[in-house]
Every structure is written in C-alpha cells, then in structure tokens.
1. Confirm whether SER84 is exposed (fewer than 12 other Cβ atoms within 10 Å of the Cβ), in a helix (DSSP H, G or I) and free of Cβ contacts under 8 Å to residues at least 24 places away in the same chain.
2. Consider only pairs whose beta carbons are under 7 Å apart and that are at least six residues apart or on different chains; among these, list those whose first residue lies in region 54-68 and is within 12 Å of VAL86 (Cβ to Cβ) and whose second residue is among the small types (Gly, Ala, Ser) and surrounded by 10 or more Cβ atoms within 10 Å (Cβ to Cβ).
3. Please work out if GLU48 is assigned to a helix (DSSP H, G or I), loosely packed, with under 14 Cβ neighbours inside 10 Å and among the acidic types (Asp, Glu).
4. Since GLU36 meets every condition but one in (1) surrounded by 12 or more Cβ atoms within 10 Å (Cβ to Cβ); (2) without any contact (Cβ under 8 Å) to a residue 12 or more places away in the chain, which condition does it not meet?
5. Select from region 57-79 the residues that are of a type in the set (A, V, I, L, M), under 15 Å from the mean Cα position of the chain (by Cα) and either outside any helix (DSSP H, G or I) or exposed (fewer than 15 other Cβ atoms within 10 Å of the Cβ) (or both) and list them in ascending order.
6. Say whether the condition of being at pLDDT 90 or above, assigned to a helix (DSSP H, G or I), polar (S, T, N, Q) and in contact with a helix residue (DSSP H, G or I) (Cβ under 9 Å, 6 or more places away or on another chain) is met by at least one residue in region 9-27.
7. Can you name the residue in region 14-56 that is farther than 16 Å from ARG2 by Cβ and acidic (Asp, Glu) and, of all such residues, is nearest to the chain's Cα centre (by Cα)?
Amino acid sequence: LRISSQILRNALTYFTILFGLNFAEGQNLSSSDLKEVLMLDDNARAMEMICNIIQLRNNAVPLSLALEEVFEVAVATDKFNCTSAVK
C-alpha cells in the first residue's frame, strides 16, 4: 500500500511520531525516496480502509462491512488515534 507520509502524519498521531526525527522512518523523507513501514501486528484490510478514508478515496471504501471488519477498523482507529478522521 502506497500513501504519502504527509497524509499519514496529518491524520494519524502514530505516524506523526514515527516520521519524526527520533525514528529511522523519519530520516530523509522525500517524495522521491520511498520508505517501507512494516506493520505485521495490524490488520491489513483495516489499514487499507483507513488509508482509503484519509485519502478521500471513498469509491474504494465498502458501503457495508461484516461485524468482524467493523471491529478490526475500530481497533485500528483506536490504536492509531484517528477516530476523528474515520468518522
């Protein structure tokens, strides 16, 4: 999944910290230098939905979700402190 670090920082407090000067992911950020952030402990589908929402890609967000998917998105929005962006 490719997304601008600036969009992530604006919407998710977690990434504001991660892309700061104290972490390797925040060093030498530029539009031409892609950084990979592995998120092995997080639900990939939930993160994809959150990223689509914060990028205003509404056509990529399902109109309905299974209860388990709602739960996973809720867990991720709580973890990354982005409930206001996902409302």
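1. Numbers: exposed (fewer than 12 other Cβ atoms within 10 Å of the Cβ): yes; in a helix (DSSP H, G or I): yes; free of Cβ contacts under 8 Å to residues at least 24 places away in the same chain: yes.
Yes.
2. Close Cβ pairs (under 7 Å, with a partner that is among the small types (Gly, Ala, Ser) and surrounded by 10 or more Cβ atoms within 10 Å (Cβ to Cβ)) amount to ILE54/ALA11; ILE54/ALA85.
3. Here the answer is no, as GLU48 does not meet what is asked.
4. (1)
5. Answer for region 57-79, where residues must be of a type in the set (A, V, I, L, M), under 15 Å from the mean Cα position of the chain (by Cα) and either outside any helix (DSSP H, G or I) or exposed (fewer than 15 other Cβ atoms within 10 Å of the Cβ) (or both): ALA60, VAL61, ALA74, VAL75.
6. no
7. Filtering first and then ranking leaves ASP42.
The values are calculated or read from the model by the stated rules, or taken from the named source; none is laboratory data. What you see is a predicted model, and the numbers here were worked out from it, not measured in a lab. Here Cβ is always computed from backbone atoms with ideal geometry, including for glycine, and neighbour counts include all displayed protein chains.
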